[in-house]
Amino acid sequence: MARELLDGAGVGWDEPTGLAERELYYGEVVPSLMRDIVRDQQFQPRFDALVVDEAQDHDTCWDGSESDKTECGWWEVYWKLLRQKTEARMAIFYDSDQRPLFRRKERFEATRVFERLSQAAHINLLFTLRYSLPIFTFPKTLQSEATLSLVNNLRYRTTLPEGPDVELYEVKPERTAAKAEEVVKRWVNDGFCRLDEILILSPHGTMAKTALADHSKIGEWPLVSFGVRKPSELSLISINKAKGLDSLAVIMIDMERFYKLSTAQEQMDYFMGASRARQLLAIFHRES
C-alpha cells in the first residue's frame, strides 16, 4: 500500500539495505509521506470497505504522540483511503494479547479506533474452533508469564475432534532435512494431509539462517518460501511472519525446548508457532 501511494504521488520508492537506513525509511520516512499524501486535498480515495486482520499490530498513535488522543496512528491513513471514511463498511479482528513484545503495547488502544466509528458492533469471539483435541491441549501446557493470557484465551464449547498426538523430537541441525522428509512422507502417505497443507516454521527470519539453509528440496519435494509455493512444493516461513496464518499440518524446526527459553518474546513465538497447526504438529528441538 505504501509503494502504491508513493508511486501514485510521483515520490518514488526506495529499498535501503543497511539496518539503520531501513529503520529510518520504514519507521519514519514512509509513514510521514503516506500521511502527507492522503491528507492532500487532491487525493482521491478508491476503496469502499476495510478488513483488518491482526489489528493489534497496527499502531493507534504515531511516534511521540502517544498522549495525543486526537490522533489514531496508521488508522488515519486507512480511513483516508475509503470513499466514506469512517462511515464505510469495516471488519476489524484483533487480540491485544497477541501483540508482539517488540511492538510497544501502549501504542495500540482499541478504544481509539472504536471512538471514531459510527455504531461499531463489538463481538467477543470466545471459543476456539479450528483445532483437533491434541493440538488444542498442547499449547495449554506452554505456560509462562508471557503466554498466560494466550493460554487462558484457549477455550472450546463443543467436543473437539480426535487426531494424532503432537510429535516432539530431538534433532541435530544436520539431520533436520532427513527428519523432515521422514515426517512429511509419513503424513502424506498415510493420507493425513496433502503436501501443500504442510507449513514448515522456523524462529529465524530468513531461510539462510535455518537448519535447511543448504537444502532446495526435502526428499523429492522442492522447498520454497511460503509466498511462492505451488501445490507440489513444501513451504518455509518464519514464525513471526506466520502470525495470522494457520495450516492443517505444521513442522517447527530450529527450536529450543519451551522451558529453556529465556526471553518472553521467545516463549510467545514458540506458542504462536505451535498454535498455527490445526490437526498435525511436529516440533524439532535442537539436540545439543
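The values are calculated or read from the model by the stated rules, or taken from the named source; none is laboratory data. Here the structure is a predicted model, which is why all the values come from computation and not from measurement. No Cβ is skipped: glycine too gets one built from the backbone with ideal geometry, and neighbour counts run over all protein chains shown. The accessibility values were calculated without ligands, DNA or RNA, using every heavy atom of the protein model including side chains. Shrake-Rupley method; radii C 1.70, N 1.55, O 1.52, S 1.80 Å.
Y94 passes all but one of (1) in contact with a Phe, Trp or Tyr (Cβ under 7 Å, 6 or more places away or on another chain); (2) not in a strand (DSSP E or B); which number fails?
(1)
Could you grab me the full set of residues in segment 58-89 that are in contact (Cβ under 8 Å) with a residue 24 or more places away in the chain and under 19 Å from Y25 (Cα atoms)?
Answer for segment 58-89, where residues must be in contact (Cβ under 8 Å) with a residue 24 or more places away in the chain and under 19 Å from Y25 (Cα atoms): H58, D59, C61, W62, D63, G73, W74, V77.
Give L24, L6, L50, L33 a once-over and let me know the one that is surrounded by 11 or more Cβ atoms within 10 Å (Cβ to Cβ) and in contact with a strand residue (DSSP E or B) (Cβ under 8 Å, 6 or more places away or on another chain).
Just one listed residue meets the conditions, L50.
Taking helices (runs of 4 or more DSSP H) that do not extend beyond segment 119-196, which have at least 3 residues that are among the charged types (D, E, K, R)?
Those helices (runs of 4 or more DSSP H) span 176-189.
Report, by residue number, each residue of segment 150-169 that is open to solvent by 90 Å² or more (accessible area, probe 1.4 Å) and either of a type in the set (D, E, K, R) or at pLDDT 90 or above (or both).
R155, R157, E162, D165
Of everything in segment 53-80, what is surrounded by fewer than 16 Cβ atoms within 10 Å (Cβ to Cβ) and either out of contact with any Gly (no Cβ under 9 Å at 6 or more places or on another chain) or modelled with pLDDT of 95 or more (or both)? Give them in sequence order.
If the condition is that a residue be surrounded by fewer than 16 Cβ atoms within 10 Å (Cβ to Cβ) and either out of contact with any Gly (no Cβ under 9 Å at 6 or more places or on another chain) or modelled with pLDDT of 95 or more (or both), then G64, S67, D68, K69, T70, E71 are the ones that fit.
Would you be able to tell me the number of residues in segment 100-123 that are closer than 30 Å to Q267 by Cβ and at pLDDT below 85?
Going through segment 100-123 one residue at a time, the tally reaches 7.
Of everything in segment 36-46, what is exposed (fewer than 14 other Cβ atoms within 10 Å of the Cβ), closer than 20 Å to M90 by Cα and in contact (Cβ under 8 Å) with a residue 24 or more places away in the chain? Give them in sequence order.
Of everything in segment 36-46, just one residue is exposed (fewer than 14 other Cβ atoms within 10 Å of the Cβ), closer than 20 Å to M90 by Cα and in contact (Cβ under 8 Å) with a residue 24 or more places away in the chain, namely R46.
What about G18, is it free of Cβ contacts under 8 Å to residues at least 60 places away in the same chain, touching an Asp or Glu at 6+ places or on another chain (Cβ under 8 Å) and not acidic (D, E)?
For G18, the condition - free of Cβ contacts under 8 Å to residues at least 60 places away in the same chain, touching an Asp or Glu at 6+ places or on another chain (Cβ under 8 Å) and not acidic (D, E) - is not met.
If A211 passes every condition in (1) more than 18 Å from the chain's Cα centre (by Cα); (2) over 16 Å from R278 (Cβ atoms); (3) among the hydrophobic types (A, V, I, L, M, F, W, C); (4) assigned to a helix (DSSP H, G or I) but one, which one does it miss?
Condition (4) is where A211 drops out.
Looking at T141, T137, can you tell me which residue is surrounded by 13 or more Cβ atoms within 10 Å (Cβ to Cβ) and either of a type in the set (S, T, Y) or over 17 Å from F93 (Cα atoms) (or both)?
Step by step, each of T141, T137 is checked, and only T137 is surrounded by 13 or more Cβ atoms within 10 Å (Cβ to Cβ) and either of a type in the set (S, T, Y) or over 17 Å from F93 (Cα atoms) (or both).
Restricting to segment 233-279, count the residues that are more than 28 Å from P161 (Cβ to Cβ), polar (S, T, N, Q) and not in a helix (DSSP H, G or I).
Residues meeting the conditions: 4.
Take A274 and decide whether it is more than 19 Å from the chain's Cα centre (by Cα), closer than 26 Å to A146 by Cβ and open to solvent by less than 40 Å² (accessible area, probe 1.4 Å).
No, not satisfied.
So, in segment 99-118, of the ones that are of a type in the set (K, R) and in contact with a helix residue (DSSP H, G or I) (Cβ under 6 Å, 6 or more places away or on another chain), which residue ends up surrounded by the fewest Cβ atoms within 10 Å (Cβ to Cβ)?
Result: R116.
Do you know which residues across segment 81-95 are open to solvent by 80 Å² or more (accessible area, probe 1.4 Å) and acidic (D, E)?
E87
Please give the number of the condition R186 fails out of (1) open to solvent by 20 Å² or more (accessible area, probe 1.4 Å); (2) out of contact with any Leu (no Cβ under 7 Å at 6 or more places or on another chain); (3) under 30 Å from V51 (Cα atoms).
Unmet condition: (3).
Here are S216, S235: which of them is of a type in the set (S, T, N, Q) and open to solvent by less than 10 Å² (accessible area, probe 1.4 Å)?
S235
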